[in-house]
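To start, the structure under review is shown below, and the notes come after it.
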Amino acid sequence: MSLSQAIAPHLPYLRRFARALSGTQSGGDAYAVATLEAIMADPAELQPGEDMRVALYRILLKVWKSVPLNEAVEPQEPSSAEANAQRRLEALPPEPRVAFLLQAVEGFDVNQIATTLGTNRDRVLELLTEASADISQQLATDILIIEDEPIIAMDLEALVESLGHRVTNIARTHREALAAVETQKPGLVLADIQLADGSSGLDAVNDILAGIEVPVIFITAYPERLLTGLRPEPTFLVTKPFNADAVKAIISQALFFDRRSHRADKVAATG
């Protein structure tokens with residue numbers, strides 16, 4: 001198997017992690033590309049016998065900490081959202097945030113996280129404990145859930161309320177989603193892709209974003225269909241069946257960066 005073939009299956013998830021880390025699609029994709037370029041420039045970055053996925057994330061984080069690349073990704077004046085993100089970054093230590101993302105979103109165990117961060121198990125456990133405390137202090141907001149499966153909707157409602165947020169409505173169809181936004185504008189949207197009446201959650205989100213700007217987290221059983229490397233793509237994505245800690249991490253990231261979503265062209269996907 002060639003190096004490119006070994007790396008290819010991990011790229012959608014590397015991009016997902018990079019986007020969550022940076023808070024933007026463009027920034028995350030730039031980090032992912034720079035990671036591949038670093039490997040091409042020095043294949044010795046991949047240690048013999050090392051798990052390929054762990055190796056990719058380890059190198060990505062090495063690139064992420066590179067000051068020149070950080071400056072190159074967003075050379076323009078920061079927007080108000082970016083300024084808010086920067087203030088929150090100052091309040092939230094990066095190492096605990098990275099450790100939490102690796103565990104909750106990427107499914108890494110403590111040993112894999114230790115290898116990725118170049119530290120030991122005890123330090124990882126300290127970082128995860130610190131991250132949980134920090135994330136629980138995120139700003140509370142009103143959340144709209146667009147989900148046609150009652151049990152999943154109830155699970156999501158209980159989960160977001162446990163974080164201190166308030167669910168304004170649970171919509172099962174495109175029509176219900178638009179009506180819910182007319183009644184109460186949310187601070188965050190959790191959206192399934194395929195809804196009860198055959199309508200599209202993506203279409204519902206696009207119509208919502210035509211009127212307001214709000215962070216959106218998509219929920220799908222087929223993340224690879226949304227993470228193709230082509231634009232537009234979601235910055236925040238939860239894979240079904242989802243892990244509660246993963247959802248908590250993504251919600252915290254979306255609110256942490258205050259990243260507003262914008263209307264996108266239709267993406268062919270089911271979930």
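The values are calculated or read from the model by the stated rules, or taken from the named source; none is laboratory data. Nothing here was measured: the structure is a model prediction, and the numbers come from that model. Cβ placement follows ideal geometry from the backbone for every residue including glycine, while neighbour counts extend to all protein chains displayed.
Below is a table of values for the structure above.
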quantity	calculated
Boolean, Val247 is modelled with pLDDT under 75 and either within 14 Å of the chain's Cα centre (by Cα) or assigned to a loop (DSSP other than H, G, I, E, B) (or both)	no
Checking Ala104 against (1) surrounded by fewer than 20 Cβ atoms within 10 Å (Cβ to Cβ); (2) at pLDDT below 80, the condition it does not meet	(1)
Single condition Thr24 does not satisfy, out of (1) surrounded by fewer than 18 Cβ atoms within 10 Å (Cβ to Cβ); (2) modelled with pLDDT under 90	(1)
Qualifying residue in segment 143-158 (condition: buried (at least 22 other Cβ atoms within 10 Å of the Cβ) and charged (D, E, K, R))	yes
Qualifying residue in segment 63-76 (condition: at pLDDT 90 or above, of a type outside the set (Lys, Arg), crowded, with 16+ Cβ neighbours inside 10 Å and in contact with a helix residue (DSSP H, G or I) (Cβ under 8 Å, 6 or more places away or on another chain))	yes
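Residues checked against (1) out of contact with any Asp or Glu (no Cβ under 8 Å at 6 or more places or on another chain); (2) aliphatic (A, V, I, L, M):
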position	(1), (2)
Pro150	yes, no
Asp155	yes, no
Leu163	yes, yes
Arg166	no, no
Glu176	yes, no
Lys185	no, no
Ser199	yes, no
